[in-house]
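Asker: Below you'll find the structure I mean.
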Amino acid sequence: MAVQQTVIFLDVDGVLNVGIHDDKAAPLLFRDKDVRMAQKLAQKGYRGPEAECGAKLTSLASHPLGHGEQGTYEMLMTQNGAELSDVLVGRFAELVRFAGDNCKIVLSSSWRRPHHLKRRKMLEETIGRHLDRHFEFTDITPTWREERHPADRLETIGDHLFELCSKGPEANELRVLVLEDFFISAMDGWLCGGQEMDSVNAAERYLENRARNIKGTTLVKLYHCYDEITTNSGVSMHVGKGFSDKFLTEAKAFIADGALSASLAEDSDGSTTASSQSEGDEVPDLADSLPGVRSPSKELESSFMQLLSAALI
């Protein structure tokens, strides 16, 4: 039996691209050509029905990424009409490469559904191109539940985790990473399983409780790709901000910490186990040596071009 196994649950919209919440429709996909169109319309003084959406796009493009990351959101735009940000997919591929062979990658996005099969194949090909090898998802979460609210998505992930553990442990320790924006929703106390999800920690504890039947330890880390932004121009918006560089570093450290624990546990001669260390000795931190250690009922994000076209008809 392996000592440690890693499972990564991947959402797509708001994680491998950036989405802006729109009260009137599906979230806006942050695409380069939509931003350019919005900028041109703003320069011409456009005040039509989609002017507010255009203002969000142009304001976000120049807004700093923050959280210690250099640059603006413009660097995360999808290019040439694509639905995925090349920068964000590259980060995810780096995480997959770092996690190694003993890692299951589970697609939990709406892209897993049968009518999005072409998108799923495109996603796998794009990740594979970044990995420079063939890539396929290990599994997908159940599709029987209609996911309209954040709790629906979290419960679906919990169901999959429960089933995975029910099959019998493949490792003494299970480390679970969840990359999710919960339909561009804050952790503001919505209920799941009768519990208030008022923090990232609350969601992590919920999933750990769903995996209680495993013989061993289950640790969960949620990387909530969500932010509430007010730009310098005074435009406020809720954003599925994408898988940040900070999150990538933290995720690597989470996996590396488990690998270190596994290494210590496997050492049978006692020379490097925690119990054999002299008092005051510290276990080396592998993270220090890392390379760079809308409505909630949305299906897919819409484009500004689509909204503008509809408004002008």
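The values are calculated or read from the model by the stated rules, or taken from the named source; none is laboratory data. Just so it is clear, the model here is predicted, and its values are computed rather than measured. For neighbour counting, all protein chains shown are included, and Cβ atoms are generated from backbone atoms with ideal geometry for every residue, glycine included. Calculation scope for accessible area: heavy atoms of the full protein, side chains included, ligands and nucleic acids excluded. Shrake-Rupley method; radii C 1.70, N 1.55, O 1.52, S 1.80 Å.
Asker: At R0 = 45 Å, how high is the FRET efficiency between Val235 and Ser166 if r is their beta carbon distance? Nearest 0.05 is fine.
Answerer: Taking R0 as 45 Å, the efficiency between Val235 and Ser166 is 0.45.
Asker: So what's Rg/Rh here for region 184-238, counting alpha carbon atoms and using the Kirkwood radius for Rh?
Answerer: That ratio is 1.15, to two decimals.
Asker: Follow-up. Using a 1.4 angstrom probe and counting only protein chains, how large is the accessible area of Leu207 in Å², to 10?
Answerer: Accessible surface of Leu207 is approximately 0 Å².
Asker: Here's another thing I want to ask about it. Accessible area, 1.4 Å probe, largest first: how do Ser185, Ser62, Ser166 sort?
Answerer: Sorted by accessible area, descending: Ser62, Ser166, Ser185.
Asker: Shifting gears a bit: Quick one: net charge of Glu250's neighbours, Cβ under 11 Å, K/R +1, D/E -1?
Answerer: +1
Asker: What are the ³J(HN,Hα) couplings of region 112-120, residue after residue, when phi is run through the Karplus curve with 6.51, -1.76, 1.60 and θ = phi - 60°? Round to Hz, x for glycine and proline.
Answerer: Couplings: 7, 6, x, 6, 10, 4, 5, 5, 4 Hz.
Asker: Test of the criteria: in region 149-204, which chymotrypsin sites (Phe, Trp or Tyr not before Pro) are in a DSSP loop and have at most 12 other Cβ atoms within 10 angstrom of their Cβ?
Answerer: Sparse-neighbourhood loop chymotrypsin sites (Phe, Trp or Tyr not before Pro): none present.
Asker: If you don't mind, there's one more thing I want to ask. Run through region 44-140 and list the trypsin sites (Lys or Arg not before Pro) located in a DSSP loop whose Cβ has at most 11 other Cβ atoms within 10 Å.
Answerer: Lys44, Arg47, Arg133
Asker: Given C-alpha coordinates of region 1-159, what is the ratio Rg to Rh with the Kirkwood estimate of Rh?
Answerer: That ratio equals 1.02.
Asker: Hand me the chymotrypsin sites (Phe, Trp or Tyr not before Pro) from region 198-249 located in a DSSP loop with no more than 12 other Cβ atoms within 10 Å, in residue order please.
Answerer: Answer in residue order: no site qualifies.
Asker: Something else now. Compute the relative contact order of region 35-183 as a whole-number percentage, counting only Cα pairs closer than 8 Å that sit 6 or more residues apart in sequence.
Answerer: The normalised contact order for region 35-183 reaches 14 percent.
Asker: If you don't mind, another one. Pop the C-beta distance of Lys118 and Asn80 into the FRET formula with R0 = 22 Å and round what comes out to the nearest 0.05.
Answerer: Plugging the Cβ-Cβ distance into 1/(1 + (r/R0)^6) gives 0.80.
Asker: Expected output is a single nm value to one decimal: the length gained when fully extending between Gln70 and Gln43, i.e. 0.36 nm times separation in residues minus the C-alpha distance. What is it?
Answerer: 7.0 nm
Asker: Another question about this same structure. Once amide H atoms are placed 1.01 Å from N in the peptide plane, what residues at a sequence separation of 5 or more from Met197, or on another chain, have their amide H within under 5 Å of its amide H?
Answerer: Placed amide hydrogens put Gly189, Trp190, Leu191, Cys192 under 5 Å from Met197.
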